[in-house]
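Data first, discussion second: the structure below is written as structure tokens.
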Amino acid sequence: MRRALVLAALTGALLASAACGSSDDTNTGSPSAAPTTAASVDVKANTTAACTAIDTLYGTLHTTAQPELAKAIAAITSGDSATALKAWNTAKPLLAAAAATIKAEADKAADPAAKQALTDLGAKYEKVANLSSPAEIESVATDLDTASSNVKKVCTDAGVTLKNFE
């Protein structure tokens, strides 16, 4: 029963948390300050773009991975390990693709806080996608929940309205 509760918590962490950047524009130096890159990046717009991309990703996960994770939860609860594993193996590539998308957004992030939060979340998704069975989720649920919460805060602080998160 504990595994079913942990899997349910992970499903919530995976699908109900936002992964976005920060709007904290620290580019408030004097007008004569030289930019650190050849082209000046609008940090707020960059962060908004990352938040929007991740919000879209989570919307997709709601319709693809969430049903499979729900099947795995139900199967674990009923003791049907074969069905749980089948559902898990269907969800794994979806989670791996999510990890890749999050990492790509992290690579593009101009705000260091957004970059770090997205990098961490991408790594957690990758770790989940590499688990061999849903029974192992318990070992990563807390870390994933923390990473998701951190990114959600950064995104919310940026003023981005998320449509696919509770």
Selection from the range 127-153 of residues over 28 Å from Lys44 (Cβ atoms) and open to solvent by 50 Å² or more (accessible area, probe 1.4 Å) yields Lys127, Asn130, Ser132, Glu136, Glu138, Ser139, Thr142, Asp143
Checking Ala113, Ala106, Ala100, Ala96 in turn, the sole residue that is modelled with pLDDT of 95 or more, open to solvent by 30 Å² or more (accessible area, probe 1.4 Å), closer than 20 Å to Asn46 by Cα and hydrophobic (A, V, I, L, M, F, W, C) turns out to be Ala100
Within the range 102-130, of all residues that are among the acidic types (Asp, Glu) and more than 12 Å from the chain's Cα centre (by Cα), the one farthest from Gly59 (Cα to Cα) is Asp111
Considering residues that are part of a loop (DSSP other than H, G, I, E, B) and either among the polar types (S, T, N, Q) or open to solvent by less than 70 Å² (accessible area, probe 1.4 Å) (or both), the number found within the range 154-166 is 7
Residue check, Ala65 at pLDDT below 90 and either part of a helix (DSSP H, G or I) or of a type outside the set (D, E, K, R) (or both): no
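The values are calculated or read from the model by the stated rules, or taken from the named source; none is laboratory data. Model, not experiment: these values are computed from the prediction. Here Cβ is always computed from backbone atoms with ideal geometry, including for glycine, and neighbour counts include all displayed protein chains. Accessible surface areas use protein heavy atoms only, side chains included; no ligands, DNA or RNA. Shrake-Rupley method; radii C 1.70, N 1.55, O 1.52, S 1.80 Å.
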